[in-house]
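Engineer: Here you go, one structure.
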There are 2 protein chains.
Amino acid sequence: MLSTMQDVPLLISRILTHGSSVHGTSQVITWTGETEPARRSYAEIGARAAQLAHALRDDLGVEGDDRVATLMWNNAEHVEAYFAIPSMGAVLHTLNLRLPAEQLTWIAGHAADRVIIVNGSLVPLLAPLLPHLTTVEHIVVTGPGDRSPLDGARARVHDYEELLAGKPTTYAWPELDERSAAAMCYTSGTTGDPKGVVYSHRSIYLHSMQVNMAESMGLTDQDTTLVVVPQFHVNAWGLPHATFMTGVNMLMPDRFLQPAPLAQMIEQERPTHAAAVPTIWQGLLAELNAHSRDVSSLTQVTIGGSACPPSLMEAFDKLGMHVRHAWGMTETSPLGTVALPPAHAVGTEEEFAYRVTQGRFPAGVEARLTGPGGERLPWDGESAGELEVRGPWIAGAYYGGVGVEALRPSEKFSEDGWLKTGDVGTISADGYLVLTDRAKDVIKSGGEWISSVELENALMAHPDVAEAAVVAVPDDKWGERPLATVVLKEGSTVDFTALREFLAGEGRIAKWQLPERWSVIEAVPKTSVGKFDKKVLRRQYAEGELDITQL
Amino acid sequence: MLSTMQDVPLLISRILTHGSSVHGTSQVITWTGETEPARRSYAEIGARAAQLAHALRDDLGVEGDDRVATLMWNNAEHVEAYFAIPSMGAVLHTLNLRLPAEQLTWIAGHAADRVIIVNGSLVPLLAPLLPHLTTVEHIVVTGPGDRSPLDGARARVHDYEELLAGKPTTYAWPELDERSAAAMCYTSGTTGDPKGVVYSHRSIYLHSMQVNMAESMGLTDQDTTLVVVPQFHVNAWGLPHATFMTGVNMLMPDRFLQPAPLAQMIEQERPTHAAAVPTIWQGLLAELNAHSRDVSSLTQVTIGGSACPPSLMEAFDKLGMHVRHAWGMTETSPLGTVALPPAHAVGTEEEFAYRVTQGRFPAGVEARLTGPGGERLPWDGESAGELEVRGPWIAGAYYGGVGVEALRPSEKFSEDGWLKTGDVGTISADGYLVLTDRAKDVIKSGGEWISSVELENALMAHPDVAEAAVVAVPDDKWGERPLATVVLKEGSTVDFTALREFLAGEGRIAKWQLPERWSVIEAVPKTSVGKFDKKVLRRQYAEGELDITQL
């Protein structure tokens, strides 16, 4: 039996034409460091996106699914690129300006970027890479900044505003297949080459609807959202698309991501919502404690990217900013879970316990837990397994690369197509996710998993321990066993037997999980972003560089 | 370039499995007329939907896209049918129990319903039709009521609970094509045979997401919605699907749609939201004025189906029930517009003016206005044309009927596939729709349109006029001209010239729109639901039954 429904594809051009007409007076407000930010209406963004598409096609020769990259902060021009490029059928490739030069070069080559749109302020970052960006034919520069480092570049250099000037302000956006590529983003990944995730028009459209659902961010055109999460990071969590769909105003910090200007823009522009990672928010808290600001407009904050410390959540609650925790990754567009507490917990002591979980899955994200032996684990809030997810905005493969027609399979995807997130945790009967470990950091001991994070937290609760890192080391009998490395506080005389007894005390850690191997170290090695670098510890152990005591 | 996203279909079974797991403790509360309503959790609904699917397949032989009809009030069993039937791949056909017997018979035959699930209380309605329902093989009766009228029926009669008993509580829901038929609903239509609209899994899924977006109804599992709009009427505006997607509790009135029990269930069960047509709400208002009730929980009411009188909206505002106006039709699933006022109007005098419009289009509904000559009209809030819409939950044809493989084209659809709504109105620059007329009721005069409703309202503002109806009548020079028929108040001596001058006064009506033909009538003929029956007036004019004065 045939459905009688119209067969209308879910396209980014539709979000653009809707936002720039029905919500034509909504605004993108870009911070400039001056008192008055740059304000651009959605109607203007729509007209300029059409001009950009004409320029890309007619002046720069962009056609088919050519990749057009951006190396940009969050600002109105970046929003224009977000809509113009996919709407015309090309593919937006957001380059992460925080990546090391060699990774950026590798990624731009792998994606075969033909054009890069760059903020003037980022020219000094781009210029040294240019000799290695062999596929790039055009550089389009927007906004203030010294452009002289681009002199003599092999690629042609254009001014963004000059390209747009005089172009038609409408464009006959093509009726694309909703499953065609719209935008791409590489995961930096700690091992191996970066992996490209290619979002489709369909996945972005559906994700935008989910973001706008009341259980997720639930914003309307009566809101203004401060988009702190970068547009080069998983499409700024999908906010530019979601906001254009419903007319939410966007407050864009451009390069002014320091606590003081953030506090100033909140006070001046009065956003109702913000989206940020915990570290940025931690800095803002310190700023607000040091200098009083009127931040009363900001009542809802979505925090994700990494787990938000409960103390930070409580501190913001006190300021009247209600934090909603979320979890996701590049491969999940990123909305995977949002921690809206269930009705029965609201107003009770349980509420906070729900809010500090990673959150609850929406209908668009199916979830399952896989145990060490590949078995499915129950949703009982206790059984810990690797989280696997499935859904229309979840990746099922990685981009194959230039001239590679097939997608790149990976052990990150199960045989039946689910994404293996690499995260280990539990799911409660009512669908709340609690992540405890990265899969690579759990210790697989005799067919069971031991959480390194749990052991570390228990060790760090001891008054003599400054820091502790637990890693898996090979074991003939059990496969793997935990190695506990501890940094003692100055003047401490505690011995390993005492620490082991402390772990076993009051049921903190099950007996079979207690480490046999112990080592005192000077400091836990850390990555450039301050996370424990367990690779280094594993290597030091393997090469006999650690002084090990066996209990 | 290939997208790397998973290809996961949008299916009703996914809404079911999500709602009955993550939101397993949410409830369908069915009013029974007793103090304690029947409460069923979403987990139970999920288990029973699986049992129903097993029964339909194994006991009743339902397969493929067989049609399973329901003749039911709003209740938990109807929700089970909503999910079981499409999830197993069959097609849910909701029968409108308000239709005349001959229409019901025609519709059930046209859809070739094999099974009808009926509430016991509706057996007296169904039994007399049965001899004419030649495709129906099985009747499944649920709930209390005298079943003896079914004795001797040709179709086999089953008890709902007996069918479900002992069946497995899970079902391996098939992975269907998201564009396949899920549910159907016939428009009663004032002319010609009823027309079948067939919703797909995709259209229902997308519509559910839109309903849950903050700009539409925006509910979460912290809400309970009173679903007054019948499940046999455009899927109860999509609420059962939308609520299962996010865990919103449903309060179902069953057959207790009278003002007194509605007021009682609001006071007792404390819903936060309700969805209803104006007439029901008008009755509730009278009840609340007569008997004081605590209805403070109910803060948001979605009203649609026909335009909500501003006075009703104000009366409910005073009770703390914020009315959100919406427009839609069977062919639009039905969400077409919702009147959330724009940010700049909130708290100003303009706000109410926005709230009484039909509302604003969401991204999923494209709209255009077509003038009398087929030309596109601007969104300027003044140019009136027929509203045409396009989108993934909008119909593009009608069901062809049993054995007819093609869809049924209709003049209701434009050559490029848009739905011609038959409604005439304006759209403002910011996308707010104001409907003024049905297309069949506008007067096409010299290539321009004259609104009959505008003339009627202007006439009825005259102190001597009790009622007025304006219809188009043929005119040699202009094609059509307005005929004004008026019912005068008792003792009035006003003449037509005075009325015509009144219309022309203070710029009420443009000169070229003033009627030349006038007639005094006893009463305006009305349809069974109390609307002006202009067909009768046009026929009376054509047959010379009216006493006409030409000015």
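The values are calculated or read from the model by the stated rules, or taken from the named source; none is laboratory data. For clarity, every value in this text was computed on a predicted model and none was experimentally measured. Here the Cβ positions follow ideal geometry from the backbone for every residue, glycine too, while neighbour counts run over all protein chains shown. Remember, those area values only see protein heavy atoms, side chains included, never the ligands or the DNA or RNA. Shrake-Rupley method; radii C 1.70, N 1.55, O 1.52, S 1.80 Å.
Engineer: Per residue, how large is the accessible surface of the protein assembly as shown? Use a 1.4 angstrom probe and give square angstrom.
Structural biologist: On a per-residue basis, 37 Å².
Engineer: Which of the listed residues, A:GLY109, A:THR330, A:TYR432, is farthest toward the dipole's positive end in chain A, when Lys, Arg count +1 and Asp, Glu count -1 at the beta-carbon?
Structural biologist: Farthest towards the positive pole: A:GLY109.
Engineer: Rounded to whole Å, give me the distance from the Cα center of region B:97-161 to that of region A:349-385.
Structural biologist: Using only Cα atoms, the two centres lie 45 Å from each other.
Engineer: Output, in nm with one decimal and in ascending order, the distances from the A:GLY347 label point to the matching label points of the other copies (7 Å from Cα along Cα-to-Cβ).
Structural biologist: So the distances to the same position in the other copies read 2.7 nm.
Engineer: How big is the Rg/Rh ratio for region A:442-550, C-alpha atoms only, Rh by Kirkwood, two decimals?
Structural biologist: Using only Cα positions, Rg/Rh for region A:442-550 is 0.94.
Engineer: Shielding of A:27-40 by partners, i.e. mean partner chain Cβ atoms within 10 Å per residue?
Structural biologist: 0
Engineer: Output needed: percent of Cα pairs per 10 Å distance bin for the protein assembly as shown, bins running from 0 to the one holding the longest distance.
Structural biologist: 2, 9, 17, 21, 20, 15, 9, 4, 2, 1, 0, 0
Engineer: Please identify every one of the GluC sites (Glu not before Pro) in region A:1-79 that sits in a loop by DSSP and has no more than 10 other beta carbons within 10 Å of its own beta carbon.
Structural biologist: Loop-located and lightly packed - A:GLU34.
Engineer: For region A:83-223, give the magnitude of the charge dipole about the Cα centre (Cβ charges: +1 Lys/Arg, -1 Asp/Glu; no others), in debye to the nearest 20.
Structural biologist: Computed charge dipole of region A:83-223: roughly 340 debye.
Engineer: Can you give the direction-averaged projected area of the convex hull of the alpha-carbon atoms in region B:380-499, in nm²?
Structural biologist: Convex hull of Cα atoms, orientation-averaged projection: 11.8 nm².
Engineer: Along Cα→Cβ at 7 Å, what distances in nm separate the A:HIS322 label point from those on the other copies, shortest first?
Structural biologist: So the distances to the same position in the other copies read 1.3 nm.
Engineer: For the protein assembly as shown, what is the charge dipole size about the Cα centre, in debye to the nearest 20, if Lys and Arg each add +1 at the Cβ and Asp and Glu each add -1 at the Cβ?
Structural biologist: It works out to roughly 640 debye.
Engineer: Here is a further query. With Kirkwood's inverse mean 1/r over C-alpha pairs for Rh, give me the Rg to Rh ratio of chain A, two decimals please.
Structural biologist: In chain A, Rg relative to Rh is 0.99.
Engineer: OK, next. Could you work out the local net charge near A:VAL536, counting Lys and Arg as +1, Asp and Glu as -1, over the other residues with Cβ closer than 11 Å to its Cβ?
Structural biologist: Value of the local net charge: +2.
Engineer: Using alpha carbon centroids, what distance separates region A:421-463 and region A:211-290, in Å?
Structural biologist: Here the two parts' Cα centres lie 31 Å apart.
Engineer: At B:LEU551, label 7 Å along Cα→Cβ: distances to the other copies, nm, ascending?
Structural biologist: Inter-copy label distances (nm, one decimal, shortest first): 10.2.
Engineer: Hey, if you put +1 on the Cβ of every Lys and Arg and -1 on every Asp and Glu Cβ in region A:190-257, which of A:MET250, A:PRO240, A:THR225 ends up farthest toward the positive end of that dipole?
Structural biologist: A:PRO240
Engineer: Using Cα pairs closer than 8 Å and at least 6 residues apart in sequence, work out the relative contact order for chain B, in percent.
Structural biologist: 10 percent
Engineer: In region A:400-491, how many lysine pairs have Cα atoms under 29 Å apart, counting only pairs 8 or more places apart or on different chains?
Structural biologist: Taking region A:400-491 as the scope, the lysine pair count is 10.
Engineer: Still on this structure: Give the long-range amide H neighbours of A:GLU467: residues separated by 5 or more places, or on another chain, with amide H under 5 Å away, using H modelled in the peptide plane at 1.01 Å from N.
Structural biologist: A:VAL487
Engineer: Further question: Does region A:1-131 come out rounded, prolate or oblate by the C-alpha gyration tensor, with a ≥ b ≥ c the root eigenvalues, rounded set by a/c under 1.5 and, if not, prolate when a/b is larger than b/c and oblate if not?
Structural biologist: Judged from the Cα gyration tensor, region A:1-131 comes out oblate (a/c at least 1.5, b/c at or above a/b).
Engineer: Give me the summed buried accessible area for the B-A pair, 1.4 Å probe, to the nearest 100 Å².
Structural biologist: Summing both chains' loss of accessible area gives about 6000 Å².
Engineer: Using the Cα centre of chain B as the reference point, and only Cβ charges (+1 on K/R, -1 on D/E), how large is the resulting charge dipole? Debye, rounded to the nearest 20.
Structural biologist: Using only the charged Cβ atoms, the result is roughly 420 debye.
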